[in-house]
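Enquirer: Okay, here's the structure, questions in a sec.
The values are calculated or read from the model by the stated rules, or taken from the named source; none is laboratory data. In this text, all values refer to a predicted model and were calculated from it rather than measured experimentally. So basically every Cβ, Gly included, is an ideal-geometry build from the backbone, and we count neighbours across all protein chains shown. Remember, those area values only see protein heavy atoms, side chains included, never the ligands or the DNA or RNA. Shrake-Rupley method; radii C 1.70, N 1.55, O 1.52, S 1.80 Å.
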Amino acid sequence: MTVDSAGGIRMRTFLRVKPLSYIREIIFLFMIIISLSITLFIITMSYNKFESDSKKIREQYYSHHKKVIKSEVDNICQYMDYYINKSEETYKDNIKQQVYTLYDIINNHFRTNNLKSKQEIKKEVLDILNRVTPRPLTNYFAIELDEGKIIVPTKGSDKTTFGTLELIKYKEIEGIVDLVKKEGESYASLDGSILEAKGNENQSELSFIKYFEPLNMLIGSGINVKDLESEVKEELLDTIEDIKYDTDGYFYVTDYDGTALAFSDKSYIGKDITLIKDIKGTNVYQEIIDRVNEKGEGYFEYFWTKPYSEGVFSKLSYFKSYDKWEWIIGTGVYKDNIEANVLAIEVDLKKEMRDNLLSVLLVIGLLVFMLLLFQFYSTITELSVDGILIINSGGQVLDINKKGLELIGITRKEVNDTNIFQMFTDNIISKLDNRKHVYIDSILENKKGRKIPVEIHIKLTKIRRREYYIAYLRDLTKRINYEKKLEKLALVDELTGVYNRRFLISQIKSDVKNHRKKDKPISLAMIDVDLFKSINDTYGHTYGDEILKYFADTFKQSIRDMDYIGRYGGEEFIIIFPETDKDSAYASLDRIKNIIKNHSFKEKELKLTFSAGIVEIDTNNSQLNIAEYIKKVDRLLYKAKGNGRDRIEI
């Protein structure tokens with residue numbers, strides 16, 4: 001390198017030497033030492049970079065999977081809250097409808113027999129009460145206010161059980177009686193002992209009561225709260241056992257006493273697992289319950305069996321207490337699965353590193369060969385995978401290698417007219433003040449308008465007693481693409497390839513905001529595969545997963561590019577139809593329903609159908625509550641189920 005009168009620096013392409021043997025030997029030895037030093041430096045830097053990138057990727061993968069398993073458990077807990085509330089509302093509606101039905105029967109009987117005495121009619125009403133069959137888990141009762149009697153029908157007997165209200169018991173329900181007489185009807189919580197419920201004396205009953213004024217009688221229907229809770233628990237445990245995600249993701253549920261309620265290995269269900277230890281002698285349940293008692297949730301690593309695999313594997317689990325029922329709900333990820341993903345990326349990184357090192361070694365070999373011929377020599381920096389620049393304190397580029405030209409987007413003729421500091425989004429000059437070394441990440445906007453994420457390494461150096469800066473620019477595009485790939489995993493359901501619940505909720509909110517400006521409708525559909533549990537039980541969960549993939553793929557191919565489909569949970573999916581009213585959304589779903597219904601599977605007897613509900617979102621509603629629309633479309637879905645499945649309700 002030489003310095004001209006203006007202080008500029010130019011790299012010579014060729015170097016002429018005197019044909020003296022000692023000069024050749026000195027130059028050759030010097031260049032060999034320089035070449036070996038550069039090679040060692042590049043190899044060291046490459047391996048250090050590989051180790052650093054591998055460590056970062058591994059940390060990102062573990063962090064990502066910890067978020068995933070926590071999100072899965074949180075979703076289950078939220079679903080349980082939702083299902084419990086929905087079940088309570090359903091049973092409340094059931095007992096209300098039962099009372100309405102019984103009221104209409106008694107009222108019609110009273111009108112058609114109004115010539116009889118009230119005592120005669122009351123006896124006939126009691127006979128009616130005894131003959132009407134309530135729905136499962138529920139019962140009927142009547143309270144004669146004139147005589148202070150509770151009438152509870154006893155099935156399997158020709159007689160009706162009469163209970164006389166004692167004074168203290170009447171006082172307990174006096175407020176309820178007054179309210180029902182005033183309002184005409186009301187929900188109420190009754191003590192089991194008041195209704196003479198055998199075995200349930202200390203339990204409460206959720207009831208709906210209506211006042212029949214002509215006979216001064218209360219007519220009611222109720223359900224034992226404990227029975228309802230047991231029913232809901234059983235249904236939820238069945239659902240949780242059926243939920244699978246990723247390749248071998250499943251959920252487990254225990255109570256605070258250590259009894260297994262839901263497990264991948266069904267042999268544990270109903271058994272005490274408090275003394276089970278892994279291969280290292282760790283009491284798994286005790287470790288979990290200690291963390292639950294301390295914080296209510298936590299992570300824990302242990303060794304456990306893997307579905308469809310032999311042996312035990314290291315597993316990272318997240319668990320959370322569900323205090324309402326004193327349950328512990330958890331799921332986990334097997335660490336060998338994470339390491340397999342990391343290893344695949346490391347293979348790509350190693351290949352890239354080897355290719356880069358091979359390129360460098362080839363250049364060095366070529367350099368030595370050219371030195372032997374003494375015809376020309378090329379700087380190793382010209383083939384570096386990094387852009388290398390020599391600049392002055394103001395940022396003017398004095399010299400640059402080939403990779404640097406590619407990054408900046410200029411030709412060699414434009415080098416001296418280029419100020420590199422003006423191309424970065426960060427103020428590089430301020431970072432260089434009083435510093436000899438700067439190492440940062442920034443965005444380079446090159447002369448061609450392309451924005452490139454780069455790693456900048458600037459060092460102060462002296463060349464012939466003048467101070468200059470050597471800048472190294474490394475293109476970070478590939479690394480950022482790897483990071484974006486990880487971010488995508490957080491938005492997409494891994495089994496079906498469609499969006500996940502988190503993305504759907506966010507997208508609905510975004511679309512509502514955008515459509516409010518456009519004054520255009522949005523329709524929301526919730527879809528559920530009919531009899532999916534039966535498919536799992538008949539053909540196995542692996543085949544059930546294939547059905548879900550086919551279901552999701554068919555919808556992806558059949559809806560518009562502007563529409564969004566995502567998996568809401570289990571076999572439930574949600575579709576967002578932007579700029580679409582509910583009638584148009586219905587037409588689209590009906591078309592897809594026929595495609596799926598007419599599809600032939602290898603199991604000839606299998607016919608796949610789905611049920612769906614559709615709502616149109618009022619984007620002009622400033623008090624819009626997305627959760628309410630999801631509840632509404634869910635109710636429509638279950639209405640479609642209740643009306644015979646294979647149908648769409650709007």
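Enquirer: For Lys118 and Ser87, FRET efficiency with R0 = 51 Å and r from the beta-carbon atoms, rounded to 0.05?
Expert: 0.80
Enquirer: Across bins of 10 angstrom width beginning at 0, how are the C-alpha pair distances of region 438-483 distributed, in whole percent?
Expert: For region 438-483, the binned pair fractions read 24, 41, 24, 10, 1 percent.
Enquirer: Moving to a separate point now. May I ask for the angle, rounded to the nearest 10°, between helix 626-642 and the longest principal axis of the chain, with both axes built from Cα atoms and the value confined to 0 to 90°?
Expert: It works out to around 60 degrees.
Enquirer: Follow-up. Which net charge results for the neighbourhood of Lys306, defined as the other residues with beta-carbon distances under 10 angstrom from its beta-carbon, given Lys and Arg at +1 and Asp and Glu at -1?
Expert: Here the count lands on -2.
Enquirer: Of all accessible surface on the chain at a 1.4 Å probe, what whole percent is carbon and sulfur?
Expert: Exposed carbon and sulfur together represent 50 percent of the surface.
Enquirer: Same structure, new question: Near Thr274, within a Cβ-to-Cβ distance under 13 Å, what is the net charge of the other residues, with Lys and Arg +1 and Asp and Glu -1?
Expert: That works out to -3.
Enquirer: I'd like the accessible area for Arg501: 1.4 Å probe, protein heavy atoms, all chains in place, Å² to the nearest 10.
Expert: Taking all protein chains as shown, Arg501 has close to 50 Å².
Enquirer: In nm, give the distance between the simple-model label positions of Ser534 and Arg502, each being 7 Å from the Cα along the Cα-to-Cβ direction.
Expert: Each label point is offset 7 Å from its Cα along the Cβ direction, giving 3.6 nm.
Enquirer: Further, regarding this structure: Per residue of the chain, what 222 nm ellipticity follows from adding -39500 (n - 2.57) for every DSSP H run with n ≥ 4, rounded to the nearest 500?
Expert: Rounded to the nearest 500, it is -15500 deg cm²/dmol.
Enquirer: Still on this structure, I have one more. Give me the dipole magnitude in Debye, nearest 20, for the chain about the Cα centre, with unit charges on the beta carbon: positive for Lys and Arg, negative for Asp and Glu.
Expert: 3820
Enquirer: Sticking with this one: What ranking of Lys351, Lys116, Lys149 comes out by heavy-atom accessible area, probe 1.4 Å, highest first?
Expert: The most accessible residue leads, giving Lys351, Lys116, Lys149.
Enquirer: To the nearest whole percent, what portion of all C-alpha pairs in the chain is separated by more than 46 angstrom?
Expert: Tail of P(r) above 46 Å: 47 percent of Cα pairs.
Enquirer: Starting from the Cα-Cα distance between Arg354 and Lys402, subtract it from 0.36 nm times their residue separation and give me the gain in nm to one decimal.
Expert: Going from the current span to full extension adds 15.2 nm.
Enquirer: Now for a different question. Tally Lys/Arg at +1 and Asp/Glu at -1 over every other residue whose Cβ is under 13 Å from the Cβ of Lys92; what's the total?
Expert: Its environment carries a net charge of -2.
Enquirer: Using a 1.4 Å probe on the protein heavy atoms only, what accessible surface does Glu174 show? Give it in Å² to the nearest 10.
Expert: 80
Enquirer: Something else: Given the Cα-Cα distance of Ser510 and Asn283 and 0.36 nm per residue of separation, how much length would full extension add, in nm?
Expert: Result for the pair: 77.1 nm of gain on full extension.
Enquirer: Next question. Take the alpha carbon atoms of region 570-600, find their center, do the same for region 603-619, and report the distance between the two centers in whole angstrom.
Expert: Their Cα centres are 6 Å away from one another.
Enquirer: Nearest-5 percent of antiparallel DSSP beta bridges in the chain?
Expert: Given both bridge residues lie in the chain, the antiparallel proportion sits at roughly 95 percent.
Enquirer: Using a 1.4 angstrom probe with every protein chain in place, what is the largest-first accessible-area order of Asp323, Asp265?
Expert: Order by accessible area, largest first: Asp323, Asp265.
Enquirer: Enter the angle in degrees (range 0 to 90, nearest 10) between the Cα long axis of helix 477-489 and the first principal axis of the Cα atoms of the chain, meaning the one along which they spread out most.
Expert: It works out to around 10 degrees.
Enquirer: Just to confirm, what accessible area per residue do you get for the chain at 1.4 Å probe, in whole Å²?
Expert: Result: 54 Å² of accessible area for each residue.
Enquirer: Please arrange Asp399, Asp81 by accessible surface area, largest first, computed with a 1.4 Å probe and ligands excluded.
Expert: Largest to smallest exposure gives the sequence Asp81, Asp399.
Enquirer: Taking 32 Å as the cut-off for C-alpha to C-alpha distance, list the pairs among Lys182/Lys509; Lys244/Lys593; Lys244/Lys513; Lys56/Lys306; Lys447/Lys484 that go past it.
Expert: Lys182/Lys509; Lys244/Lys513
Enquirer: Amide H neighbours of Leu261 under 5 Å, counting only residues 5+ apart in sequence or on other chains, H built in-plane at 1.01 Å?
Expert: Val253, Thr254, Asp255, Gly270
Enquirer: When the Kirkwood radius is taken over all Cα pairs of region 268-372, what Stokes-Einstein diffusion coefficient follows at 10 °C and 1.306 mPa s, in µm²/s?
Expert: In µm²/s, the coefficient is 89.
Enquirer: In nm, give the distance between the simple-model label positions of Ser204 and Tyr47, each being 7 Å from the Cα along the Cα-to-Cβ direction.
Expert: Simple spin-label model gives 7.0 nm for this pair.
Enquirer: Taking 0.36 nm per residue of sequence separation and subtracting the Cα-Cα distance, how much length would be gained by fully extending the chain between Tyr299 and Glu628, in nm to one decimal?
Expert: Contour length minus Cα-Cα distance gives 115.1 nm.
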